[in-house]
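What follows is a set of notes on a single structure, which appears directly below.
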Amino acid sequence: MRSKNLRQGQTWSVDVLLGSAIFILALIIFFYAMSSFAERRTIKTLETEGKIISMRISSVNINDTANPLVFVVGEKVDNELLKKVANTTYKDLRNRLGVKYDFCIFFKDENGHLINLSEVTGKPGIGIGSPNFTVSGHPCGSP
């Protein structure tokens, strides 16, 4: 009788260990899947915000006065409109653009070289946007 009780105790502990291992494995798989899903969602959100910014800073018509953030007209940058947008604080610009995440607006020439917008805007930084970003080692914008 005593031998039977010992076997049941040993069997029960192996069952508990096996069940715990399966539970922990399920948790690991769950958290991995959720983090992977969150990363895909964040990338999609960033792509969407990039499109929003692009739409809000550009227009095909120079007379588009409905949007004060426009400085790309057709395929050209209007320097005076660019200066107006650049003189907006980063926090205000982000709110007016309606985006949640930090951003940096910068331009490259046809050879892929960065165009230094500070020469046009008179503000520090290679572009317009978050002072926390760097583009090719250059700070993006100013606060």
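Worth pointing out:
- Search result, residues across region 88-106 that are exposed (fewer than 13 other Cβ atoms within 10 Å of the Cβ) and among the polar types (S, T, N, Q): Thr89, Asn95
- Complete set of residues in region 126-143 that are at pLDDT below 85 and either among the basic types (Lys, Arg) or surrounded by 12 or more Cβ atoms within 10 Å (Cβ to Cβ) (or both): Gly141, Ser142
- Matching residues in region 108-124 - criterion: being under 27 Å from Lys44 (Cα atoms) and surrounded by 13 or more Cβ atoms within 10 Å (Cβ to Cβ): Leu114
- Search result, residues across region 85-143 that are closer than 20 Å to Val72 by Cα, of a type in the set (S, T, N, Q) and touching a residue at least 40 places away in the same chain (Cβ under 8 Å): Thr89, Ser130
The values are calculated or read from the model by the stated rules, or taken from the named source; none is laboratory data. Note that this is a predicted model, so its numbers are computed, not measured. Every residue, glycine among them, receives a Cβ derived from its backbone with ideal geometry; neighbour counts consider all protein chains shown.
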